[in-house]
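Take a look at the structure below.
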Amino acid sequence: METDLRNTRARLTKLAIAAAISAVLTFFMVKAMTHSGPGPNQDPIQSSSVGVFAIFVFVITTLLAHKLISKTSK
């Protein structure tokens, strides 16, 4: 058995938990956003804004969740 000097297993576990939390929150946020609007947009350029927004929310929420998990586990 190798010794994990850089603690990569624990860091990856925290990141996986943060990504799972972020995925759930992003799903519900995008679902709420798409169901509260005026309807589907026919412009193909603007219709991709939902996907870009979802990626942005996922990344930022993962960052915040990872920070919160890292703070509480010390």
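Since every read-out is calculated from the coordinates, none of them should be taken as a lab result. Note that the structure is predicted; figures quoted are calculated from it, not measured. Backbone-built Cβ (ideal geometry, glycine too); neighbour counts: all protein chains shown.
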Span per principal axis, largest first, for the Cα atoms of the stretch 12-74 (Å): 49, 19, 14
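In whole percent, what relative contact order does the chain give with Cα contacts below 8 Å and a gap of six or more residues?
Numbers: 31 pairs, mean separation 38.9, N = 74.
Computed value for the chain: 53 percent relative contact order.
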Go ahead and estimate [θ] at 222 nm for the chain from helices alone: -39,500 (n - 2.57) per DSSP H run with n ≥ 4, summed, over the residue count, rounded to 500. -26000 deg cm²/dmol
Where does helix 8-35 land angle-wise versus the long Cα axis of the chain, in degrees 0 to 90, nearest 10? 10
Which of the peptides 62-69, 28-35, 5-12 is most tightly packed, and how do the rest follow, going by the mean number of other Cβ atoms within 10 Å of each residue? 62-69, 28-35, 5-12
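Please compute one quarter of the surface area of the Cα convex hull for the stretch 1-40 and express it in square nanometres.
Working: hull surface 15.4 nm².
If I average the Cα hull's projected area over directions, I get 3.9 nm².
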How far, in degrees from 0 to 90, does helix 49-72 lean away from the longest principal axis of the Cα atoms of the chain, to the nearest 10? 30
Check cross-link reach from LYS14 to the aspartates and glutamates: straight Cα distance under 16 Å, and skip same-chain residues fewer than eight apart. ASP4
Gain upon complete extension [ARG11, SER48; 0.36 nm per residue less C-alpha separation]: 10.0 nm
